[in-house]
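Report on the following structure.
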Amino acid sequence: MRKLDAGAYLVREGDVPTHCAVLINGFAYRQKVTGEGARQIIAVCIPGDAIDFQNMFLDVSDHSVQLLTRSTVAEIPRDALQQLVEARPAVGVAVIHTTLVEASILREWVVNVGRRDARARLAHILCEFAVRLESRGLAKGDAFELPMTQEQLADATGLTPVHVNRVLKILEAEGLISRQRRNVQFVDWRALQDVGDFSRRYLHIPGGEPVRARPSADA
């Protein structure tokens, strides 16, 4: 078990992995950096996520993982995990399921950046946070604390921080969300899902309507 500060790297692109990690508390993100130094955030990890199971069998890390907040991680030697998977087929199935869901989320993020407008991109990522956090018991009713700065949201959505700020204000003005510092509350959850073209299908989380948001006045 290790406690690490915000900004610390769990793994850097090009590293030869010796351990795999599970995020016990706090938040982390996966990122790629272009040759010119531009960053693209390609996933956000929440408490309970296995951060780098792909490094169990790949010999070189193909992306970096950095902490968004001060966090606690459990690090397991790669060799021990390989032996566990080989000895316990049910554990192997669970690892495969985890990596398949990660791939599903990544596909949705590609669509989000490539085919949705700025308003839909931000609405979609807010909806995803809400559903994932609620599934782990980490959301507070119809609100949650967003762990990302506007700069980080920009790097996750392919926008600029200025544009992110403008769009968040638009979502507030439209009566879809309200914000107090980093706390985001869903004023009209169903409408926000429509704006974000959001369906929880790609998250593969069982259940129905995920967030107990207040309905809109004319619902």
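The values are calculated or read from the model by the stated rules, or taken from the named source; none is laboratory data. Because the structure is a prediction, the values reported are computed rather than measured. We place every Cβ from the backbone using ideal geometry, glycine too, and count neighbours over all the protein chains shown. For accessibility, only protein heavy atoms count, side chains too; no ligands or nucleic acids. Shrake-Rupley method; radii C 1.70, N 1.55, O 1.52, S 1.80 Å.
Summary of computed values
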| read-out | value |
| --- | --- |
| Selected residue (only one of 113, 93 is open to solvent by 10 Å² or more (accessible area, probe 1.4 Å), more than 23 Å from residue 23 (Cβ to Cβ) and of a type in the set (Val, Ile, Thr)) | 113 |
| Positions within the range 150-165 being open to solvent by 40 Å² or more (accessible area, probe 1.4 Å) and touching a residue at least 24 places away in the same chain (Cβ under 8 Å), in sequence order | 158, 163 |
| Given (1) assigned to a helix (DSSP H, G or I); (2) open to solvent by 60 Å² or more (accessible area, probe 1.4 Å); (3) in contact with an Asp or Glu (Cβ under 7 Å, 6 or more places away or on another chain), number of the condition residue 120 does not satisfy | (2) |
| Residue in the range 167-197 that is most open to solvent (accessible area, probe 1.4 Å), counting only those that are free of Cβ contacts under 8 Å to residues at least 12 places away in the same chain and within 23 Å of residue 69 (Cα to Cα) | 181 |
| Failed item in (1) in contact with a Pro (Cβ under 9 Å, 6 or more places away or on another chain); (2) open to solvent by 40 Å² or more (accessible area, probe 1.4 Å); (3) in a helix (DSSP H, G or I), with residue 59 passing the rest | (3) |
| Test for residue 75: is it open to solvent by 40 Å² or more (accessible area, probe 1.4 Å) and touching a Cys at 6+ places or on another chain (Cβ under 8 Å) | yes |
| Residue check, residue 74 part of a strand (DSSP E or B) and either at pLDDT 95 or above or under 15 Å from the mean Cα position of the chain (by Cα) (or both) | yes |
| Neighbours by Cβ (under 7 Å, 6+ apart or cross-chain): first from the range 45-62, on the phi > 0 side of the Ramachandran plot; second surrounded by 17 or more Cβ atoms within 10 Å (Cβ to Cβ) | 48/23 |
| Selected residue [in a helix (DSSP H, G or I) and at pLDDT below 95] from 190, 179, 107 | 190 |
| Residue list for the range 126-149, filter: part of a helix (DSSP H, G or I) and open to solvent by 10 Å² or more (accessible area, probe 1.4 Å) | 132, 134, 135 |
| The one condition in (1) open to solvent by less than 50 Å² (accessible area, probe 1.4 Å); (2) closer than 30 Å to residue 170 by Cβ; (3) in contact with a His (Cβ under 6 Å, 6 or more places away or on another chain) that residue 32 fails to fulfil | (1) |
| In the range 198-219, the residues that are open to solvent by less than 40 Å² (accessible area, probe 1.4 Å), among the hydroxyl-bearing types (Ser, Thr, Tyr) and modelled with pLDDT of 85 or more | 202 |
| Exclusive hit being surrounded by 14 or more Cβ atoms within 10 Å (Cβ to Cβ), out of contact with any helix residue (DSSP H, G or I) (no Cβ under 8 Å at 6 or more places or on another chain) and either outside any strand (DSSP E or B) or basic (Lys, Arg) (or both), set 14, 37, 7, 48 | 48 |
